[in-house]
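Structure record follows, encoded as structure tokens.
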Amino acid sequence: MTTTRIIEIECQRFNPQTDSEPHFQSYQVPFSEEMSVLQGLQYIKDHLDGSLTFRWSCRMAICGSCGSMVNGVPQLSCHTFLRDYFPDKVRIEPLNHFPVLRDLAIDQTDFLAKLESVKPYLIPDTEKTPAQGTYLQTPQQMDEYYQYSECINCLLCYAACPQYGLNKEFTGPAALALLHRYNADSRDAGSAERMEVINGENGVWGCTLVSYCSEVCPKGVDPARAINQNKINSTKDYFLRFLQPRGGK
Amino acid sequence: MPAPNLLNRYTRPMEGWWRRNPFYLWYMLREASCVFIIAYALVLLCGLYRLSQGEAAFNGWLAALATPRSIAFHGITAMMVLYHAWTWFKVMPKTLPFIHIGGKRMPDAAIVTSGLAAAVVLSALLFVLVWSGRS
Amino acid sequence: MIRRSNKPVFWSLFGAGGMVSALIGPMLVFVTGIAVPLGFLLPHDALRYERMLALAHNPAGKLALAVVISLFLFHGCHRFYHCLHDFGIHVTAGMKAACHGFAAAGTALAVYLLLVIGF
Amino acid sequence: MQVIQADVVIVGGGGAGLRAAIAAAERDPSLRIALVSKVVPMRSHTVAAEGGAAGVVRGDDSLENHFDDTVSGGDWLCEQDVVDYFVAHCTDELVQLERWGCPWSRKEDGHINVRFFGGMKVQRTWFAADKSGFHILHTLFQTSLRLPSISRYDEFFCADLMVEDGKVRGVLAIEITTGEFFLFEAPAVVMATGGAGRIYRQNTNAGIVTGEGMGMAYRHGVALRDMEFMQWHPTALPGTGILITEGCRGEGGILVNKDGYRYLQDYGLGPLDPWPRPKAMELGPRDRLSQAFWHEQQKGRTIDTPKGQVVHLDLRHLGRKKILERLPLITEVAKTFMGVDPVVSPIPVCPAVHYTMGGIQTNVRCETSLSGLYAAGECSSVGIHGANRLGSNSLVEIIVFGRVAGDSAAQHARTVTASHGDSIRRQAEASAQHLLSLLGQETGERVATLRDAMRDSMESGVGIYRKQDAMQATCETLAELRTRYRGGVRLDDRNRAFNTEWLTAIELGYMLEVAEALAHSALQRRESRGAHFRLDGYEERDDERFLAHSIAHFRGDGPPLIDYAPVTITRSAPRTRTYGGAGKKAEMT
């Protein structure tokens, strides 16, 4: 067995029934080489303090449950390893910019509403039945949108985005990336419907290209790109409507 | 214990957010470059005004440019505009749709490099243009 | 119905200014603010009166001067009010208008001066 | 307690639950559909499925082939009429997903690409890189947003079923954020709560795969069928149990022991060449591969690592380009969690619990024995997996039978008149009081203590290979753990708001019962079939006595009652299951 070392994990605690402000609590956690921050939290929950609250599920960086601020950086705790922080302590806080429900669990309802607002589903030209078979789509056509379809909705990008922190009305990186994912899909004909979201003050125009969202994305989605290329689309749409008043429909 | 109907929510305040992460500091520095770009545009505007007033006035403007304070200001401005230029090209790929050349997606690094190359070429041209007018 | 933002107009100007300043900004500042005043790499008289006047008389020169001054202002002013927002200052419609108005006024002044200078 | 009136309640927001919700909403837009899930739908475990979903598309394939692969893969314990329905509807459902936007991997000409999976004669697996489950789940979730009649109750922990006069009347759930109880009254309930892999220690499952959906139905008298059949996935990462998809082997990856020897050829899966080749060597069925690992370990030919015995999954001969293009997730997972780059070194792997073949017994319409209760997906036993599930059948099961369950429930909801809920509310109050009493316990053991004891006992008694004594010991341990659980668990957390420790304690109660149903079903099946393999004199399949489904009935605090039900056999009589060269011969004769 690898030797067991002890690392200090400092967690932000907040109990909505008794606290008005959060505080920090430290735990001494034995860890081995391959232990993730999540496994450290699980150790605390199982052996030291069953009241520590955090979300997790797949522990392989695909379900998007376990995002938190690890030493100030938005990370998936299952995909962040204690070995990389030892011998210093690890400080774990809930994701920035979201209301905290309890300890490390944040309120994600605002994101879910925003996701819904961008119509993140295929809006086909004409509805067809499965009997008519699949659409044709070449790998190159897929390449136009595929990376944006890889978003796991982990919300690290929202925690990275100061514009979302400053203005909660901003639609935000992941939702706008998904909007673009459908707009860029050759099978979709719903761009005109989604243009309204893009064009609004809180659509792509809420972004100032800080681009930290793309930096922290664990799946290489690059939401900043999805948003900013749509600034050009929105601009075209703005001016073209003067040329063809019914254009785009 | 009864289920609480109204729960506290805690939202971390945004005060001083840009100090929380070096990435944000660099971003704020980039945004701050705008002040220097505005100031420089005003310097040019001032020069244009002096130019419209005649040779003596224009020479006064030129003399003001040579003061240590002005040199210091332009030194800082040059650095800030240079930083602006660097960040501008670095994020340029994010503002563009995917560009396909011969069925292959153009890598972001190539877009950044072409932007920087264009800046270098145009800057060299500008320099030569000014240099060629020496008497 | 979500209200359409008028950002496309100002963002276009911001983008154009950002691009011009990124392409030639550093060199321009270096030439006019450092090299010529110090006589470093370039002679003192590279920006002499007659030459600048000729530039301002020339239609292409006029255009270049107007574009540089105007776009730099629009670029900077647009970013400036975003900066205020980033610092947590609530940016009202009036403040936005003031920023854009400032850039527009600078542009108008530049155009006026170029016309005064004549052809 | 808040009361919500609905027409159909769907418990579970994974692939099956979402497909059921969409089906019900499309069938009748006037129905009020409540989708109750303990996590936000896109966190569901469907998200982690990697390989793909089976659907016949190639000219050289046929429904008959898919039927044969499924039935023989299941060691003839499949309901053949259900398998017929299943294979006939797979492709349509996969096409439907494509029409909803699922980014299936494509060929250059724009058509869907398919790949090999274990136990398959012909390439039949639709895949979306190696994130098939992820894309299916997100496509279904996002599509469900189009349908206004689906009301989502995200992060509502379903804690009990409400039953009256032999009819299901709704569910009791806890709103996790506040800890408040919600009674969902509805004439139709669909269970789509997933498997129970977390009753084992070493497993590929997400933390939420705790089987309480099965447990709820079971406690209310619905039988659990074929529970002894747990599937071990032959290739998981040691320690964490993180899954390394069968797609790796479908693409041509090989398994070697510590001598670099492709040991599968010693277990009736050879010969080596040509490779890759359907239903042979590394593309044999999962039970055979996991068993072969066990034998290698007995012979001392596995590789000893700090995290246990492993063999090597070698992809290097595929080359960097193919590895990165076809298996990007695996590349990343191996690098992060093992520090191994599959392009330059083999990946250490070992078997881990992967899939619960058994579950809530249903018919082909997903109806259970309890009127108004339906089940679909891994929590159900609709009858297509038999004794061993064929890879790629589960992702397509959730959409084929998710849809059936949604349709059936919607139809049922339309025909049943709503009844007044006074007695149901009293029942819900009583159930809520019982759950709340868990919060107040002053004495007792930690949840983790009981949970870990259960997991260790499952590993030792009902693992890949099984023996009478060990199974008996596990049954006794589980009975004892149930007693200790009733004696009380003591929680550190006494709050109502977002108390995950409390929810884990509730889950554990159900898990112990499901584990007991599994262990007893295994103990009483005195033969070896599919994933259930005994080493105590019952090494052969015994069609005389055990060509039958085991049926576990809940018996209160005592052990379950196990009886048997016949298997529906329409046209494929049991044969010897053969793979590799022997399989070729058997097919020719």
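We did not get these values from a lab; they are worked out from the coordinates using the rules stated. Worth saying up front: this structure is predicted, and the values here are computed from it rather than measured. We place every Cβ from the backbone using ideal geometry, glycine too, and count neighbours over all the protein chains shown.
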Open item on the list: Going Cα to Cα from A:K119, which aspartates and glutamates come in below 12 Å? Please leave out same-chain ones fewer than 8 positions away.
Closed with: A:D188, A:E193, A:E196
TODO: Please list the non-local residues whose amide H lies under 5 Å from the amide H of D:Y153, H modeled 1.01 Å from N, same-chain partners needing a gap of 5 or more.
DONE: D:L35, D:V36, D:S37
Task: Percent of beta bridges antiparallel (DSSP, the protein assembly as shown, rounded to nearest 5) - done: 70 percent
- [ ] For the protein assembly as shown, give the magnitude of the charge dipole about the Cα centre (Cβ charges: +1 Lys/Arg, -1 Asp/Glu; no others), in debye to the nearest 20.
- [x] 3060 debye
Open item on the list: As a quick test, which of the pairs B:K104/D:K279; A:K114/D:K322; A:K168/C:K96; D:K279/D:K322 have an alpha carbon distance above 28 angstrom in this structure?
Closed with: B:K104/D:K279; A:K114/D:K322
Open item on the list: Can you give the FRET efficiency to the nearest 0.05 for D:V416 and C:E50, using r as the Cβ-Cβ distance and R₀ = 56 Å?
Closed with: 0.05
- [ ] Please sort by residue number the trypsin sites (Lys or Arg not before Pro) in region D:90-151 whose DSSP state is loop and whose Cβ has at most 15 other Cβ atoms within 10 Å.
- [x] D:K107
Open item on the list: Can you give me the distance in nm between label points at D:H111 and B:A63, each placed 7 Å from the Cα along the Cα-to-Cβ direction?
Closed with: 8.5 nm
TODO: Send over the semi-axes of chain D's equivalent ellipsoid, whole angstrom and largest first, taken as the square roots of 5 times the C-alpha gyration tensor eigenvalues.
DONE: 36, 27, 23
Task: Compactness of region C:10-117, expressed as Rg and Dmax over alpha-carbon positions, Å - done: 16.2, 48
Task: FRET efficiency for A:E10 and A:Q244, using Cβ-Cβ distance with R0 set to 56 Å, rounded to 0.05 - done: 0.40
Open item on the list: Let me spell out the model: positive unit charges on the Cβ of Lys and Arg, negative unit charges on the Cβ of Asp and Glu, origin at the Cα centre of region A:1-137. What dipole size does that give, in debye rounded to 20?
Closed with: 220 debye
TODO: Select from region D:476-548 those GluC sites (Glu not before Pro) which occupy a DSSP coil region and have at most 10 other Cβ atoms within 10 Å, ordered by residue number.
DONE: D:E540
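From the alpha carbon gyration tensor of the protein assembly as shown, can you work out the equivalent ellipsoid semi-axes (sqrt of 5 times each eigenvalue) and give them in Å, largest to smallest?
Values: eigenvalues 734, 198, 156 Å².
They are 61, 31, 28 Å, listed from largest to smallest.
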Task: Alpha-carbon centroids, region D:495-573 and region D:216-279: separation in whole Å - done: 21 Å
Open item on the list: Can you tell me the length gained on complete extension of the stretch A:T138 to A:S186, counting 0.36 nm per residue apart and subtracting the Cα distance?
Closed with: 16.3 nm
Open item on the list: Can you find, among D:A188, D:L283, D:Q5, the residue sitting farthest towards the positive end of the charge dipole of chain D, where Lys and Arg contribute +1 and Asp and Glu -1 at Cβ?
Closed with: D:L283
Open item on the list: Checking understanding here: applying a Kyte-Doolittle mean of at least 1.6 and a length along the axis of at least 20 Å (C-alpha), which whole DSSP H helices in chain B pass?
Closed with: B:108-132
Open item on the list: Residues of region B:49-78 with backbone nitrogen within less than 20 Å of a virtual label 7 Å along the Cα-to-Cβ line of C:V116, please, listed as ranges.
Closed with: B:49-65
TODO: Give me the number: length gained by fully extending D:T576 to D:D92, i.e. 0.36 nm times residue separation minus the C-alpha to C-alpha distance, one decimal in nm.
DONE: 171.1 nm
Open item on the list: How far apart, in nanometres, would the label points at D:E164 and B:K90 be if each is projected 7 angstrom from Cα along the Cα-to-Cβ direction?
Closed with: 6.6 nm
